[in-house]
Amino acid sequence: MPRRRLVRVALLAAAALAGASVGRAATSANTVPGGRIGQGSRAATAYAISNVGYSLDVNDPRTVAQVRFTISPTGARVVRARLSDGGSWYACANVGGSVTCSTPGAQATGANRLTVVATQ
């Protein structure tokens, strides 16, 4: 092998090794904390929703300002509601089973189905 070609191959090999070690050094600094993973199931019971009421926006009565209802059992920590199929989900506040959901911009004419999702 001519000397010039040998030097070229040696330089390419050295560059490849340098790139590999830099890449390895950059990725070896990443750490992932330990944790658990698993799967399980158990029976779930439904929440009962009652006493549903809607309030229209005083400045634009074409929109629903809020929806309120009672949820039982009362211990739901996270409650979300939407007023139509495929509509936006709104965060709700649950105080002892009395739930209020602010629904800014929800069109009253499109409010055709109240869907509630809740979890403890």
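The values are calculated or read from the model by the stated rules, or taken from the named source; none is laboratory data. From a predicted model like this one, the values you see are computed outputs, not experimental measurements. Every residue, glycine among them, receives a Cβ derived from its backbone with ideal geometry; neighbour counts consider all protein chains shown.
Some observations on this one:
- Restricted to the stretch 37-60, and to residues there that are of a type in the set (Ser, Thr, Tyr), more than 14 Å from PRO104 (Cβ to Cβ) and without any contact (Cβ under 8 Å) to a residue 60 or more places away in the chain, the residue that is surrounded by the most Cβ atoms within 10 Å (Cβ to Cβ) is SER50.
- Scanning the stretch 58-85 for residues that are touching a helix residue (DSSP H, G or I) at 6+ places or on another chain (Cβ under 9 Å), more than 23 Å from THR119 (Cβ to Cβ) and assigned to a loop (DSSP other than H, G, I, E, B) yields PRO61, ARG62.
- The stretch 99-120 residues that are farther than 14 Å from ILE49 by Cβ, paired with ones that are of a type in the set (Phe, Trp, Tyr) and surrounded by 14 or more Cβ atoms within 10 Å (Cβ to Cβ) (beta carbon under 9 Å, 6 or more apart): SER102/TYR90; THR103/TYR54; THR103/TYR90; PRO104/TYR90; ALA106/TYR90; ALA108/TYR54; ALA111/TYR54
- Residues (buried (at least 17 other Cβ atoms within 10 Å of the Cβ) and in a loop (DSSP other than H, G, I, E, B)) located in the stretch 108-120: ALA111
- Looking across the stretch 86-107 at every residue that is within 19 Å of the chain's Cα centre (by Cα) and outside any strand (DSSP E or B), the one that is modelled with the highest pLDDT is identified as TRP89.
- For the stretch 65-81, a residue qualifies if it is at pLDDT below 95 and crowded, with 18+ Cβ neighbours inside 10 Å, and exactly one does: ALA76.
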